[in-house]
Amino acid sequence: MRILTSVAVLGLLVGTPALGAEEWQQAIASGLGKQGAEMPGGVYRVGLPRTDLEVTLDGVGIKPALALGSWLAFKPMGNEVMVMGDLVLTQEEINPVLARLEQGGVEITALHNHLLRASPATMYMHVHGHGDPGKLATTLREALNASKTPFGAETAGISPQAAAQATTTASTGSAPDLDTAAIDQALGRKGKMNGGVYQVSVPRAEAVKDSGMEVPEAMGSAIAINFQPTGSGKAAITGDFVLTADEVNPVIKALQSNSIEVTALHNHMLNDEPRLFFMHFWANDDAQKLAKGLRAALDQVKVAKG
């Protein structure tokens, strides 16, 4: 089956004319009813943060950029596009959205938690599909209409004060009570502020493929580490490590040794090469202490040079 899928994808790539970037991106924006952004690797990514949800975990109010960020990433393949994404859903929304995706020919590749003890509980549905960009985007929009996912501006549903704070931190690259330079030094990577959350992306050393197609960092193949300041030099952290089988337990050991909770271990893709496992984590503690613990875990992984 994997060979047949790869052959079909190859045929699309070499046997059909390529779409113009403006053409397919506009078709996606029109079908979804929301504009995206061009990302490295030829990816067009649309963010759909669940700004409508008020989720708390261990007394921490979760910002959308920390762990409630639905997204869809599109990449051209011949005269079609491939889409991969992660949809944040409440338990009541799962099956209505799933049914509409299946009816529209979009595959479900995973359904699981990322967090523990969150209230209300959220689940994460990973999707994969390919086809005409406009039709694919319309299918995804119709499916998400079965949820309460906002399709307005990134700050829709946030108070004017919170929106202003998110804009300020995004533009200045800093956050109150969070030493981002120390985090960068500990991790050996430079992050960026987004909606009051400091986000660090760490790509793996080898190229990641799904059904023979390269999966760029912007389509979810990179390790994601997020810091949300919680006061007095502390931060809540979450995200996921992208691991091969031999890296799973060394990373678990490194995280546990540094008082970082492992909250989930699962797949996100079905036909990935190499076979990858995604490990989610959580802690709320001194930000620099946590950064050093995360670095200990990163040292167990084959990551690209910083």
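The values are calculated or read from the model by the stated rules, or taken from the named source; none is laboratory data. Fair warning: this is a prediction, and the values are worked out from it, not measured in the lab. So basically every Cβ, Gly included, is an ideal-geometry build from the backbone, and we count neighbours across all protein chains shown. Heavy atoms of the whole protein, side chains included, go into the accessibility calculation; ligands, DNA and RNA do not. Shrake-Rupley method; radii C 1.70, N 1.55, O 1.52, S 1.80 Å.
Odds and ends about this structure:
- Global form of segment 253-303, assessed from the alpha-carbon gyration tensor, a/c cut-off 1.5: prolate
- Three-way shape label, segment 180-306, alpha-carbon gyration tensor, a/c 1.5: prolate
- Helix 94-103 axis, angle to the chain major axis (alpha carbon atoms, nearest 10°): 20 degrees
- For segment 44-87: accessible area per residue (Å², 1.4 Å): 27 Å²
- Straight-line cross-link partners of Lys192 among the lysines, defined as a Cα under 22 Å from its Cα and at least 8 positions apart when in the same chain: Lys63, Lys234, Lys289, Lys292, Lys305.
- Rounded FRET efficiency, nearest 0.05, which uses the C-beta distance separating Phe151 from Ala181 and R0 of 30 Å: 0.25
- Principal semi-axes in Å for segment 49-149 [√(5λ), Cα gyration tensor, largest first]: 26, 13, 11
- 0 to 90° range, to nearest 10: angle between helix 21-32 axis and the chain longest Cα axis: 80 degrees
- Karplus-derived HN-Hα couplings along segment 108-122 (A = 6.51, B = -1.76, C = 1.60, θ = phi - 60°), whole Hz, x at Gly and Pro: 9, 9, 6, 8, 6, 8, 10, 10, 10, 6, 5, 9, x, 5, 10
- Cα gyration tensor, segment 236-279 - rounded (a/c under 1.5), prolate or oblate: oblate
- Compared with the direct C-alpha span, the chain from Ala99 to Asp246 gains 49.4 nm at full extension, assuming 0.36 nm per residue.
- Considering all different alpha carbon pairs of segment 196-241, the Kirkwood hydrodynamic radius works out to 12.0 Å.
- Computed FRET value (nearest 0.05) for Lys209 with Asp52, which takes r as the C-beta separation and R₀ as 25 Å: 0.10
- Highest-first arrangement of 39-51, 215-227, 106-118, where packing means the average Cβ count within 10 Å: 215-227, 39-51, 106-118
- Under the Debye formula (equal points on every Cα, no solvent term), log10 I(q)/I(0) of the chain at q = 0.10, 0.14 Å⁻¹: -0.54, -1.10
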